[in-house]
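The values are calculated or read from the model by the stated rules, or taken from the named source; none is laboratory data. Since this is a predicted model, take the numbers as computed values, not measurements. For neighbour counting, all protein chains shown are included, and Cβ atoms are generated from backbone atoms with ideal geometry for every residue, glycine included. The protein model used for the area step is the full one, side chains on, heavy atoms only, and it has no ligands, DNA or RNA in it. Shrake-Rupley method; radii C 1.70, N 1.55, O 1.52, S 1.80 Å.
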Amino acid sequence: MPNAIFKVTVFLLVLMAIILFCVIFGGFTSLYRSQDRIESAKVILIDTCRERLELLPGLAALSETEPSRAGSTARTQDIETAKLLISKLLNQQEPLENAQTKIFESLQNDIGLAIKDRLLQLESIYGQKNNRKFELLKKDLSKVQDKLFKAKERYNYEVAYFNRRVKTFP
C-alpha cells in the first residue's frame, strides 16, 4: 500500500512540474514573440515616418512660388531633427526612453501640422487650377498619413499588450 501512494505522489509531482514548466516556458515565449512584434511595429512606424519625410521636398517645390512664411526655418530644423532621430531609433535595440518618445511624438505632430498648413495654403493657390503635381502629392501624402496612423495604432497596441503580459507573467 505505501508503495502505491509513493507512486501516485511521484506521478503527481512530475505532472505538476511539467505543467509548471509549460506555463513558465509559454509565458516566456509569449513575451519574446511580443517583443518581436513590437520591433516589427517600430520598424514599420519609422519607415512610414521616413516615407512622409521623403515627400516633403515635393511639397516644398510646389511652395517655391509662394513667399516663405516665418517659421519655415524652424520647420526645416524640425525635419532635420526628425531625420536624425529616426536614424537613431532604427538602430536602437533597447526600449525608448520617455524623453526620446516625447521628442519623437512632438516632432511628428509638428511635421504633421506643418504639412496640413502648407496643403491648405497650396489648396487655395492650386485648387482652382487643377494642377496634376499638386493632386498627386496630396494623394500620396494622404496615403502616407493613413499608413502612419495605422502604424501608430499597431505600435501602441503591441506595447500595451507587452505591458499587460509583463504584469501577468508569473
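Rounded to the nearest 10 square angstrom, Phe11 shows an accessible area of 130 square angstrom against a 1.4 Å probe.
What the Cβ-Cβ distance of Gln145 and Phe25 gives, at R0 = 45 Å and to the nearest 0.05, is a FRET efficiency of 0.60. Across the range 8-24, coupling constants 3J(HN,Hα) worked out from phi with the 6.51/-1.76/1.60 Karplus curve, θ = phi - 60°, read 5, 5, 4, 4, 5, 5, 5, 4, 5, 5, 5, 4, 4, 4, 5, 5, 5 Hz, and Gly and Pro carry x.
Note on Ser106 and Asn131: their simple-model spin labels are 3.3 nm apart, each label 7 Å out from Cα toward Cβ. Modelled spin labels at Ala17 and Asp117, positioned 7 Å past Cα toward Cβ, are 6.8 nm from each other. Here's how it looks for Asn131: its modeled amide H is under 5 Å from none belonging to a residue 5 or more places away or on a different chain.
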